[in-house]
Structure formats: C-alpha cells, structure tokens
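A.B. asks: Dropping the structure in here first, questions after.
The values are calculated or read from the model by the stated rules, or taken from the named source; none is laboratory data. Since the structure is predicted, the reported quantities are computational estimates derived from the model, not experimental observations. Using ideal geometry, Cβ is built from the backbone for each residue, glycine included, and neighbour counts are taken over all protein chains shown.
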Amino acid sequence: MPAQNFTVNGKPVSVDAPDDMATLWVLRDKLGITGPKYGCGINVCKACTCHVNGKAATMCSIPVAAVRGQSITTIEGLADTAVAAGKAVDGLHIVQKVWLDMDVAQCGFCQPGQIMAAADLLRRTRTPTDADIDAIENVCRCGTYGRVRAAIKAAAALMP
Amino acid sequence: MTDPTRCPQDGSTFLAPDGLRRRSLLAYALSAPVASVAAGFAANLALTGDAQALPLTPPDTVDYYDLGDAVLQTSLPTMPLVRLSVATDGRVKLELPRMESGQGFDTAAAMMVAEELAVAPAQVDVTLSDARPELVFNQLTGGSTNVRVFDAALPVMAAALRLRLIAAAAQQWGVGTAGLVARAGMVVDTLGRTLSYGSLTALAAALPIPAGVLPKPAAQNTVVGTRQGRIDARAIVTGQKKFTLDLAVSGARPTMVRRPPTVMGTVVSIRNQAAVQAMPGVLAVVALPAGGNITPTPPGVAVMAETFGQAWTAVNALDVVWGKGTIDGESNATIHAKLKASVLPFAVPPLGALTVEGEFEMAPLSHAPMEVDCAIADVRRNAAGAIVGCEIWAGLQSPIITQQDMAATLGLPVSAVKVHVISSGGSFGRRLFWDPVQQAVQVSKLTGRPAKLLYHRADDMRHGRGRPQQYHRARATLLLGQVTAFEHRIASPRLDTRHGFGELLTAAAASAPATVQQSLGNLAVEEALFKTMVSAPYNFGVATRTLQPAPIAMNTGSYRSVHIQPTRMVEEIMVDEMAARLGQDALAFRLANLRQDRAKAVLQAVATAAGWGKVMPKGFGQGIAVHQETRSYVAVCVEVDGRAQVAGTGPAVVTRATIAIDVGKPVNLSGIEAQLEGALAESISIVLMAGLHVQNGLPLEGSFSQYRYGRNKHYPKDVKVIILPNKGDPIGGLGEVGMAACSGAIANAWARATGLKPRKFPLYFPVDFTPFPPGRLPDPVVNPIPV
C-alpha cells in the first residue's frame, strides 16, 4: 500500500492506505481522528466537513491521494488555527465560541461539520447574507437551523 | 370543583391530603402517584354527575393516567438505586439511567441537582448508567417522561445529600446544624467558616439519610427555570464528544453488512465468499444467523475489514442469493388499500346534521438520526474457546432488555454481559430497539474479534426501523351549530412494541417469539400506548378514536410522539374545516370548544404574538393549532408561502413561526426552546416534503438528497418561542410535545395559502431522483480538493 503523506491539524502524518480510500476513513480508522463524522458517505449530509488548505470539503468524497502534500484541518484543530492567527477567544475559534455561547448544539453529531462550514463561509465573506447561509446544506436532524443562522451572524459581527 | 372537565393535572392540589401539593407529597412518599391517580380518577367520576347542557366529551384516559404516570409509578421504587454522589474533589457525580440523544435531559438533570446542592451546573458530572437490571423499569427512555419522572426524585435526593453534608460539617465543628447553609459547594456557618463538600463527603456518607426532605420552593430557585447551555457543549464544539463509533475499543474492527433487496429478505447462500474474503483489508465475511429471542436479527452478510472504506467496497462486491422478504411486492399503494379496508365504519349521523369528513394518508418515515444505526460488541472466550462474557457499547433507550436478550443469545448469565449506554447522535425513538447490537454481537461471536458495526445511510433509511404509513378517516357531526360527535379511525401496519414499555405498562409480556409478528401482547401494548398518550383538548360531544394495527411485518418502531403527531394533526385540520363549515374563525372556534384553560392560554398567547387574522398576500396563509400532551400545553401559529411558483415546483415554505408552551415548571429555558425549534424543523420536513416511497418491498429513499429532511433554507428566519411562567402546575414533558401543534399549524397554513385540503402527507412527494438499486450500496462520490 502506498504511503500517503499530508498534514493534519498542523502535524505531518504518513499513512499506508490505497490511493482511492476516502480521506474520512483514513482520518477516522487509521489516525483515530473522530471529529469528522460519517453520515452518508456520498457528499450529501456534510457531517464530515473539514478544511483542506483552509477551504471546506467533505472528507467522504475526497480520496486520500488527492490530499497528499496538502494541509487538513479537522474540528479538533480549528481552535489552534485561531490561536496561531492571534484570533482565538477563550482558546476557541470565534465560531466555536459563539456556538458555545448561543447553545447551538443538540445531539452534537452534525455540529463539527456545521462549525467547519460556518468558519469557511466567514473566511469567504465577513458579511454573510441569508442566501449565503441558505446555501450551506449540512443536515441537522435535531433542527438547530435557527441557532446556526443566528450564530453565523453573531460570529460575523464579532470576527476580529 | 363543579366543572366536570376539570382534570387532575389542572387541579393538583386536591390530589394531596392535608393541603400538601403534589410535589410535596411525592417528596414524602415515593409511592404516592398510585394513590394520587386513583384519587383523581374517583374525584372526576363523581364530578361527571354535574354535566351541563352542552354535549361534553368525557375525559380521555390521558386526563387521569398517561404514559408519564406509568413511567413515574414504575420508576420511583428504584429511584434510591440511582447514583448521586459527591467526590473528594468536590465534584458532584450523577449517573443517569436514561439515554441522552440531544434532548437535553442530562443538562436538565444537572440543573435539578445543582439547584438543591447549591453548586454551579458545571460542577455536576453527568454520565449515563450501564444497563442495571436491578433498576427494572427505571431505565427506559421514551415518551417525553424523563424530566417529569426525575423532577419527582432528583431534587429530593440532592436535597438529602445537602442535609447530610451540612450534618457532617456540624459534626466536624461540634455545633448544631442550625445556622449552617450550603453555598457554592461549601458548608458555611454564621461566623463565615467554610468546609468544602469534598472534605465532608467521607463523613457525610456515614450519616443516615434524612426523612421528610423537601426540595426548595420554586420561588427560591436560582438554577431551575433559567437558561443554561448544554453541559457537553464545549466537548461538542471542539470535536471531543465521543459517539459510539468514536470510542477507541481495543481491537474493534469496522463492520458493514450487505442487506437484502427487500425488507427482511433472507440469506440463501454467498456465491463469492472466498473472493471477497481475499479483498484488500478484509478480515472476515460472515452471514448473520437468522433468529433472535425478542425481535429477529436483521438479515444480511457482514464484512469485517481494517477500515470502513474497505468494508463498504467489499460489501458491494458480494454476490448473495436472497430469499423472500416479509413485504415483497408491497408498496405504499397496496398497503394503503389494506389499511383503508381495515377501518371500522362510522355511526349513522342523526337526521338534519351536517358532517365534515376527511381521509388522510401519511407516508412511512425514517427516524434518520444523523448518527446511523451502529454498535460495538466484544464477545469474549476463555482458553478453551467457550464464550464467557460480552461487552457492548451503543446508544440504547432500552439497555436492560438489550442486556437480557444478548445474554440469552450467547447462553450467558445477565451479569456476564456488560452494556454501556453511549450518548447518541439523535434517536427520535429509533434506539428503543437494539438491532445493531444483535448484529455486532453475532459478528463478534463468529469472527472472534470485537466488531464495530455501521449501517450505511442508504440501509439506515431502507432497512432501519421507521414509522409505518398510516391511514386516517375522521368525521365531525355538527348539529344546530355545535359539534355533537367526533369520530376518528386510524389504521397502520402494527408498530413493534417489544422494547420493554410493554412490561412496564402491563404485567403481560409483550416479548412474543420473533416468529409471532402480530402477537396479542404487541396489540395490547400498542393499544395501551395509544390510550395513554393520545388525547384531544376539545369538547366535541361523543368522541371516539380507534387504532387498527394491520399485520404487515415491516421494520417499525415508535417515532417521536408516536401516534400523537398524525392523530392530532388530523384533528387540527378537521377543526379548521369544522370552523369554516360553521362560518366561524379558526381561533374563536377553538377557544369556544377547548376544555382546558391552559390550552386556551397558550393559544391566546400565540394568536396575540403572531397577529392572528392579519391580511396575508395572495398565495400566503396563516395556520394555527393547539395541543396537550404529557401534561404540557402548546400552541403554534405559522405563516406559509404556498404560491404556485414555490409550492408548484417544490415544497411550500414556512416563513414565520410563533410557538407558546406551558410545561408547568420550566427547567432549562434554552433546552425548551431547542426542543420546540427542533419539533418545528421536523414538522416542516414530514408535513411538507419528507417521506418514504415503499416499492416492491423496499423504500426507494436512501439518502438525505432523496428523503427530503429540511435544511437551513427550509427553516423560517422568524421564529419566536414563548415559555409561559411557572404558575405552580405539575411539570410536563417536552421532547415530543412540539410535533403535533407545529404539524397542524403548518398543514392549516398550507391549506389557506393554496386553497387545497391537506390530505396526503408529505404534501410535496414526487420521486424526483434516481433510486439506488436495491441491495447494493451507492458507490462513494469522488470530488477534487477545493481550490
């Protein structure tokens, strides 16, 4: 099996895995990084959303060979990116902090993906519109959508 | 006390002797609910002699005794076994014999304990109990009963703990307890001396448990009734919260299952077992043995591999010969015909009466929790190869019966099976059954390794349990401008109730052999659940409501609010149509016919806040509904955009929602709002657009792109939740309570917006996708990295 070399949450890793294995399984089953969740495996539910080079992507739909030499951030590493940028609040990325303060989560299963999608939106725009938020398709079966919307807007207003 | 419609829950004071309120009574005598219920029933029967001129609907079973009462009654005897303690570091430990799946019960429980122990909720560590058979009925999660039941016990237990800590401090200081108070995790005396709980706990443990303990009066509460964030919120937002398959169980290997092309199809043979066994990463290929003690083990061929990716690929490579399933050839249409034929006819209406009638269809639903069905099992053997034990990890609403079932399956004593209940990624009733555990145990037994078993989402929707489709027929009889009769007939494939609530509700065992699909026990339990959960808040004269379960062997299970959501939604639609027939306003008609003051209060609150009756643009409509369930009252007003350019090409859109709730005693304001927001999102989904098309014995839907559960864009941007203040009424349930009124209001608003009668649910339900072929899983999608 080929060695796949890439960076996860700032640390270089080398994993033996076939080129076509979805990165989600490399993260979860080989590296034990369980923040990205399995919810569908076919890029629909978005529960496995992470950042590749800072941009949102679903790990279930990206083969590991495609991330060779790239940098992946999972929910576990999001706060560190804010710390490194000098933008952390209470040790958290502003999106995580607002999520906490506004008590967005219910069961919490989709929330790593929701937070990574929201952080990506706020990277792209400092003034997210309702249409921008409507375009986020991450499924939340508990129905936290109202709080997700409010939290994204609150985070945008607080972005350092 | 002359109002014959006055119900026990509205007049709790008379239930308790000597002027004690109901909560106080429970504090004194944990067996009180039985006596209370009996007293209430007798009192109401006596009062019905005062019937007034109007034809009044006799009180429902639920008015006197509901599922929550049953759970309370059967849980209280073992409440002293629930573990609440203070550690030497001062942290409070609560081990809950229930499952948390996002409903926020763990946070509410922490608040109750924090209140009485005078600590911050963050100082309370809540964990979920392993299966504890000695708790008997006190470890079932369902029916929105958790907060109701634990409100009767936890505050008293925590208050007793506080008194023992104070007594320990008094002993340490050599003083009396007078003047000593508990504050911020310490006992403080009048001189300002302090002793921390942690330093007192060993001494306090040796002191007797005081009798006659009372929780704080509600007026003195500083935690209960406030807004608190979830206790696991930080773990969630940092990705640290561990769900079942996130657990690092040593040696556990990913396992997926090739499932039949039709529901409950059987494995006849595997044509290429050796070839699949030789595929990269594959560790084992085993057919799941048919059988099961309580419910059948779901059929299929399991593949264990080094990664789930490899298991998925191997599952799709399997060539299996399948036998017939239990509903081969059935579709929504054929099942509908059977259901429709099974309902009893209505009575002949009196001469000169008007009738309002409706026939309603509800498509089957998938619980579709974000965390798919999954479990980890480790079956252990001794050196001689004999099975000696088993350890299980899963989200389980019924862990004790799971433990008993797996012990019987493995030929082990119950004590040799350890069952860990893991906080789950949603449940909505799905995890009342333990099908994934059955499969993981079999795989571990056959392979000799711990198995971590995962359903693919497509299989979770197609082969997982769900709410079976329903047929409703309802008729109101109107005479001289009044409702004199309301008849409601419901038929549905039988709902599996072999999850333990049956034993709780009746002495009769509902656990018939797996081969007896439509046992008398199941029928009795299903009817008992129906009787103890569904209630109408109106005076509609002679009201009859019957449920006719049909012997169709599908994978069914209780779905959030079970029969209440469809039954009460239909009633609320009928109420609108009755008001229209009588030329009355939908709000005024409800207020005139409601039999409960608290129902009227939430309805008026919501009508005022939402501006009921305002002029809406063409194509838009308001809808209103009111509901009572598990001692809570809720009313909802929504606005729907049903213009042709929206509702003609896709589902109508809910643009605004106002919700008012009276739960008696609010515990966590944020949690209450969250449950109602969630019920709104779920109602939008199942009323307007999400359902399953069963065709040739299998649902077509296998993905959230096909089963149209709502997303951000479907949730209204203007949502207001009004929580009525604590007026001293008994505490009500919450988790499922929002479903019926949200659903009724949405259907009624859709009717006004479109001018159509809402009859078939979901209202937008085309097959506008290419279904995955039966049996095989969809292939993974391959995308490039973002640029």
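A.B. asks: Can you name the number of the only condition in (1) surrounded by fewer than 24 Cβ atoms within 10 Å (Cβ to Cβ); (2) within 24 Å of residue B:598 (Cβ to Cβ) that residue B:671 fails?
C.D. replies: (1)
A.B. asks: Moving on to the next point. Within the range B:539-550, identify whether any single residue is assigned to a loop (DSSP other than H, G, I, E, B), under 24 Å from residue B:682 (Cα atoms) and in contact (Cβ under 8 Å) with a residue 24 or more places away in the chain, and answer yes or no.
C.D. replies: no
A.B. asks: Of (1) buried (at least 21 other Cβ atoms within 10 Å of the Cβ); (2) part of a loop (DSSP other than H, G, I, E, B); (3) within 12 Å of chain A (Cβ to nearest Cβ), residue B:254 satisfies all except one. Which?
C.D. replies: Among (1) buried (at least 21 other Cβ atoms within 10 Å of the Cβ); (2) part of a loop (DSSP other than H, G, I, E, B); (3) within 12 Å of chain A (Cβ to nearest Cβ), the lone unmet condition for residue B:254 is (2).
A.B. asks: Taking the stated definitions as given, is residue B:262 of a type in the set (Ser, Thr, Tyr), crowded, with 18+ Cβ neighbours inside 10 Å, within 34 Å of the chain's Cα centre (by Cα) and over 30 Å from residue B:91 (Cα atoms)?
C.D. replies: Considered against the rule, which asks whether it is of a type in the set (Ser, Thr, Tyr), crowded, with 18+ Cβ neighbours inside 10 Å, within 34 Å of the chain's Cα centre (by Cα) and over 30 Å from residue B:91 (Cα atoms), residue B:262 comes out as yes.
A.B. asks: If the requirement is being over 30 Å from residue B:380 (Cβ atoms) and either within 18 Å of the chain's Cα centre (by Cα) or not hydroxyl-bearing (Ser, Thr, Tyr) (or both), which of these qualifies: B:416, B:440, B:458?
C.D. replies: Every option except B:458 fails the conditions.
A.B. asks: Among the residues of the range B:723-739, are any surrounded by fewer than 22 Cβ atoms within 10 Å (Cβ to Cβ) and either of a type in the set (A, V, I, L, M, F, W, C) or within 30 Å of residue A:133 (Cβ to Cβ) (or both)?
C.D. replies: Yes, some residue in the range B:723-739 is surrounded by fewer than 22 Cβ atoms within 10 Å (Cβ to Cβ) and either of a type in the set (A, V, I, L, M, F, W, C) or within 30 Å of residue A:133 (Cβ to Cβ) (or both).
A.B. asks: Here is a follow-up. So in the range B:376-434, with the set limited to residues that are within 21 Å of residue B:557 (Cβ to Cβ) and basic (Lys, Arg), which one is surrounded by the most Cβ atoms within 10 Å (Cβ to Cβ)?
C.D. replies: So the residue we want is B:431.
A.B. asks: Any residue in the range B:765-782 that is more than 30 Å from residue B:356 (Cα to Cα), of a type in the set (A, V, I, L, M, F, W, C), crowded, with 24+ Cβ neighbours inside 10 Å and not assigned by TED's automatic domain parsing to the domain that holds residue B:317?
C.D. replies: no
A.B. asks: Anything in the range B:740-757 that is crowded, with 18+ Cβ neighbours inside 10 Å, more than 14 Å from chain A (Cβ to nearest Cβ) and either assigned to a loop (DSSP other than H, G, I, E, B) or of a type in the set (Gly, Ala, Ser) (or both)? List them, or say none.
C.D. replies: Within the range B:740-757, B:740, B:741, B:744, B:745, B:747, B:749, B:751, B:753 qualify.
A.B. asks: I'd like the residue in the range B:621-661 that is closer than 16 Å to residue B:729 by Cβ and among the charged types (D, E, K, R) and, out of all such residues, is surrounded by the most Cβ atoms within 10 Å (Cβ to Cβ).
C.D. replies: Restricting to residues being closer than 16 Å to residue B:729 by Cβ and among the charged types (D, E, K, R), the top hit is B:629.
A.B. asks: In the range B:410-435, how many are away from chain A (no Cβ under 14 Å) and closer than 29 Å to residue B:370 by Cα?
C.D. replies: Here the count works out to 9.
A.B. asks: Does residue A:156 fit the bill of being at pLDDT 95 or above and within 11 Å of chain B (Cβ to nearest Cβ)?
C.D. replies: Spelling it out, it is not the case that residue A:156 is at pLDDT 95 or above and within 11 Å of chain B (Cβ to nearest Cβ).
A.B. asks: Here is a list of conditions, (1) charged (D, E, K, R); (2) at the interface with chain B (Cβ under 7 Å from one of its Cβ atoms); (3) over 19 Å from residue B:787 (Cβ atoms), and residue A:87 meets all of them except one; can you say which number that is?
C.D. replies: Every condition holds for residue A:87 apart from (2).
A.B. asks: Now a separate question. Restricting attention to the range B:443-494, which residues are aliphatic (A, V, I, L, M) and buried (at least 23 other Cβ atoms within 10 Å of the Cβ)?
C.D. replies: Selection gives B:443, B:451, B:453, B:454, B:458, B:461, B:476, B:483, B:490, B:491.
A.B. asks: Quick one: count up the residues across the range A:59-83 that are touching a residue at least 60 places away in the same chain (Cβ under 8 Å) and either of a type in the set (A, V, I, L, M, F, W, C) or at the interface with another protein chain (Cβ under 9 Å from one of its Cβ atoms) (or both).
C.D. replies: 8
A.B. asks: Residues of the range B:209-249 being at the interface with chain A (Cβ under 7 Å from one of its Cβ atoms) and not in a loop (DSSP other than H, G, I, E, B), which ones?
C.D. replies: Selection gives B:233, B:234, B:236, B:237, B:246.
A.B. asks: State whether one or more residues within the range B:147-168 are farther than 25 Å from residue B:207 by Cβ, among the aliphatic types (A, V, I, L, M) and buried (at least 24 other Cβ atoms within 10 Å of the Cβ).
C.D. replies: Looking through the range B:147-168, at least one residue is farther than 25 Å from residue B:207 by Cβ, among the aliphatic types (A, V, I, L, M) and buried (at least 24 other Cβ atoms within 10 Å of the Cβ).
A.B. asks: Let me ask something else about it. Just wondering, is there one or more residues in the range B:762-773 that are closer than 30 Å to residue B:599 by Cα, outside any helix (DSSP H, G or I) and in contact (Cβ under 8 Å) with a residue 60 or more places away in the chain?
C.D. replies: Scanning the range B:762-773, I find at least one residue that is closer than 30 Å to residue B:599 by Cα, outside any helix (DSSP H, G or I) and in contact (Cβ under 8 Å) with a residue 60 or more places away in the chain, so the answer is yes.
A.B. asks: Consider residue B:370 against the criteria (1) within 30 Å of the chain's Cα centre (by Cα); (2) modelled with pLDDT of 95 or more; (3) away from every other protein chain (no Cβ under 14 Å): it satisfies all of them except one. Which criterion is unmet?
C.D. replies: Result: residue B:370 passes all but (3).
A.B. asks: Which count do you get for residues in the range B:437-472 that are in a loop (DSSP other than H, G, I, E, B) and among the hydroxyl-bearing types (Ser, Thr, Tyr)?
C.D. replies: 1
A.B. asks: Sticking with this structure for a sec: Could you list, in sequence order, the residues of the range A:98-143 that are facing chain B (nearest Cβ under 8 Å), charged (D, E, K, R) and surrounded by fewer than 22 Cβ atoms within 10 Å (Cβ to Cβ)?
C.D. replies: Correct list: A:101, A:130, A:134, A:137.
A.B. asks: In the range A:1-41, which residue that is touching an Asp or Glu at 6+ places or on another chain (Cβ under 7 Å) and polar (S, T, N, Q) is farthest from the other protein chains (Cβ to nearest Cβ)?
C.D. replies: Out of the qualifying residues, it is A:9.
A.B. asks: Residues to consider are B:602, B:646; find the one that is in contact (Cβ under 8 Å) with a residue 40 or more places away in the chain, assigned by TED's automatic domain parsing to the domain that holds residue B:533 and touching a strand residue (DSSP E or B) at 6+ places or on another chain (Cβ under 9 Å).
C.D. replies: Result of the check over B:602, B:646: B:602.
A.B. asks: Can you name the residue in the range B:81-121 that is more than 14 Å from chain A (Cβ to nearest Cβ) and polar (S, T, N, Q) and, of all such residues, is farthest from residue B:422 (Cα to Cα)?
C.D. replies: B:88
A.B. asks: Please specify each residue of the range B:145-197 satisfying the condition of being assigned to a helix (DSSP H, G or I) and polar (S, T, N, Q).
C.D. replies: Passing the criteria: B:146, B:171, B:172.
A.B. asks: Something else now. Being in contact with an Asp or Glu (Cβ under 7 Å, 6 or more places away or on another chain) and under 12 Å from residue B:285 (Cα atoms) is the filter here; which residues of the range B:440-454 pass it?
C.D. replies: Result: B:444, single match.
A.B. asks: Still on this structure, I have one more. Return a yes/no flag: does the range B:239-255 have any residue that is among the small types (Gly, Ala, Ser) and either over 34 Å from the mean Cα position of the chain (by Cα) or closer than 30 Å to residue B:80 by Cβ (or both).
C.D. replies: no
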